[in-house]
1. Those residues that are at pLDDT below 95 and either of a type in the set (Val, Ile, Thr) or loosely packed, with under 13 Cβ neighbours inside 10 Å (or both), I need them from the range 53-107; list them, please.
2. Quick test of your reading of the structure: residue 110 fulfils all but one of (1) surrounded by 13 or more Cβ atoms within 10 Å (Cβ to Cβ); (2) in contact (Cβ under 8 Å) with a residue 60 or more places away in the chain. Name the failing condition by number.
3. Got a sec? Which of 35, 26 is within 13 Å of residue 147 (Cα to Cα) and either in contact with a strand residue (DSSP E or B) (Cβ under 9 Å, 6 or more places away or on another chain) or in contact (Cβ under 8 Å) with a residue 40 or more places away in the chain (or both)?
4. Since residue 116 meets every condition but one in (1) in contact (Cβ under 8 Å) with a residue 60 or more places away in the chain; (2) touching a Phe, Trp or Tyr at 6+ places or on another chain (Cβ under 7 Å); (3) surrounded by fewer than 21 Cβ atoms within 10 Å (Cβ to Cβ); (4) among the polar types (S, T, N, Q), which condition does it not meet?
5. For the range 20-62, which positions are over 14 Å from the mean Cα position of the chain (by Cα) and either assigned to a strand (DSSP E or B) or among the acidic types (Asp, Glu) (or both)?
Amino acid sequence: MKVLGIRNSPTEIRFAIAEKVNGNIKILNKDQENKLVFPKHLHDLSQKVGWLFQELENIIANNPEIQVIALKQNENVSTKYSTVKETAFYDSIAYLIGNNKGIKVNSYVYTNIGTNRKDVSNFAETNAEKTDKYWDSRMADAISVTIKELK
């Protein structure tokens with residue numbers, strides 16, 4: 001089973017495509033593209049949502065074996081909604097694509113995954129692998145949700 005893990009933010013999207021091979025979680029795009037940066041000419045939210053929809057559609061089209069989309073959602077949404085509203089719209093795109101394509105979508109916070117913000121990079125490296133480019137905590141978030149789905 002292939003899983004698409006996503007971590008959205010207002011400026012970029014990090015994604016990991018993973019599967020379990022011989023009992024180990026393998027990141028299939030480890031040394032390939034794993035970062036989507038919104039083009040600078042897109043200023044309004046509707047433009048960014050449309051662009052992201054197309055990009056995620058392309059990822060799914062290029063990886064038709066994906067059976068689950070896993071999202072690392074923002075923490076404390078109920079108390080800080082205004083600060084995460086844009087990211088919530090991006091998360092909803094994954095749900096829309098999942099619905100349209102018959103792909104299950106799940107979202108997780110750190111407690112569901114079994115880690116925390118401070119330890120997420122180590123968690124991702126220990127349970128799967130580190131990407132060759134653009135490694136940071138957001139990439140670790142994207143990998144961590146795939147770990148949750150594949151364990």
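1. 76, 77, 78, 79, 80, 81, 82, 83, 84, 87
2. (2)
3. Only one candidate passes the filter, namely 26.
4. (1)
5. 20, 21, 24, 25, 26, 31, 44
The values are calculated or read from the model by the stated rules, or taken from the named source; none is laboratory data. Since we're looking at a predicted model, the values are computed, not measured. Positions of Cβ are backbone-derived with ideal geometry, glycine not excepted, and every protein chain shown enters the neighbour counts.
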